[in-house]
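Chemist: A single structure is presented below for examination.
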Amino acid sequence: GSNSDRTALMPLAHIQSAYPSSERSYVVSFTLTDPRQLAYAEQEAVGLFRNIRRLSRMDPDNFSVTKSDSFARSLIENLAFVDMAAKAIGLITLLGAAIGLMNIMLVSVTERTREIGLRKALGATAKQIKNQFLIEAVVICQIGGAGGILLGLIIGNLVGVALGAGFVAPWEWMLLAVVVCIVVGLGAGLYP
């Protein structure tokens, strides 16, 4: 229990000599700083216990080793669910941003009818006007994407430093973000 008044700490050899018994059972618990060393530590513990119990190579183990890796397995399964949920939230957010950008561009086109009419009167073709709005949409998306990448790097690495990890720059994801921003910008610029 937690009552230190009822606790006695003595050397194991002294207890064994003072109270000899063949029905003695011990539980040894240990943790590792590096989980990758679990198999090695388990083999070392088995070898040590076989030596302590004076078992020959032919004798079966008269002890058991239990690992609590079910908690780790459960944690990994939960992390996979969190990863899937984060991706779904990211896709929904991206879809919402694309719809918002399309609405902004639609409002921009309808509010700038005088400018469009003036440009047509001065000789601008429909393709040039379309390209103007496409470029505007892509630039707006790239500004938002660059801001998102910058904030992601800052916040992600602050969390990483707090958890003891090093600096991480996920170049593949940043490239994917740029490509997605271009595609969303083109879609948002073409629709209006």
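Chemist: Is it the case that some residue within region 105-113 is small (Gly, Ala, Ser), open to solvent by less than 60 Å² (accessible area, probe 1.4 Å) and modelled with pLDDT of 85 or more?
Modeler: No: region 105-113 contains no residue that is small (Gly, Ala, Ser), open to solvent by less than 60 Å² (accessible area, probe 1.4 Å) and modelled with pLDDT of 85 or more.
Chemist: Here's something else I'd like to know. Kindly check whether there is at least one residue in region 119-139 that is surrounded by 13 or more Cβ atoms within 10 Å (Cβ to Cβ), touching a Cys at 6+ places or on another chain (Cβ under 7 Å) and either over 30 Å from VAL46 (Cα atoms) or among the aromatic types (Phe, Trp, Tyr) (or both).
Modeler: no
Chemist: Which members of region 157-192 meet the condition of being open to solvent by less than 40 Å² (accessible area, probe 1.4 Å) and more than 27 Å from MET105 (Cα to Cα)?
Modeler: ASN157, GLY160, ALA169
Chemist: Given the condition surrounded by 10 or more Cβ atoms within 10 Å (Cβ to Cβ) and either touching a residue at least 24 places away in the same chain (Cβ under 8 Å) or not in a helix (DSSP H, G or I) (or both), answer yes or no: does some residue in region 81-97 qualify?
Modeler: yes
Chemist: In region 52-74, what residues are within 28 Å of PRO35 (Cα to Cα), of a type in the set (A, V, I, L, M, F, W, C) and surrounded by 10 or more Cβ atoms within 10 Å (Cβ to Cβ)?
Modeler: ILE52, PHE63, VAL65, ALA72
Chemist: So for region 17-28 (the condition being open to solvent by less than 60 Å² (accessible area, probe 1.4 Å) and assigned to a loop (DSSP other than H, G, I, E, B)), does at least one residue qualify?
Modeler: no
Chemist: Can you tell me which residues in region 52-84 are touching a Phe, Trp or Tyr at 6+ places or on another chain (Cβ under 9 Å) and among the aromatic types (Phe, Trp, Tyr)?
Modeler: Across region 52-84, the qualifying residue is only PHE63.
The values are calculated or read from the model by the stated rules, or taken from the named source; none is laboratory data. Computed from a predicted structure; not experimentally measured. Backbone-built Cβ (ideal geometry, glycine too); neighbour counts: all protein chains shown. Surface areas here come from the heavy atoms of the whole protein model, side chains and all, with no ligands, DNA or RNA. Shrake-Rupley method; radii C 1.70, N 1.55, O 1.52, S 1.80 Å.
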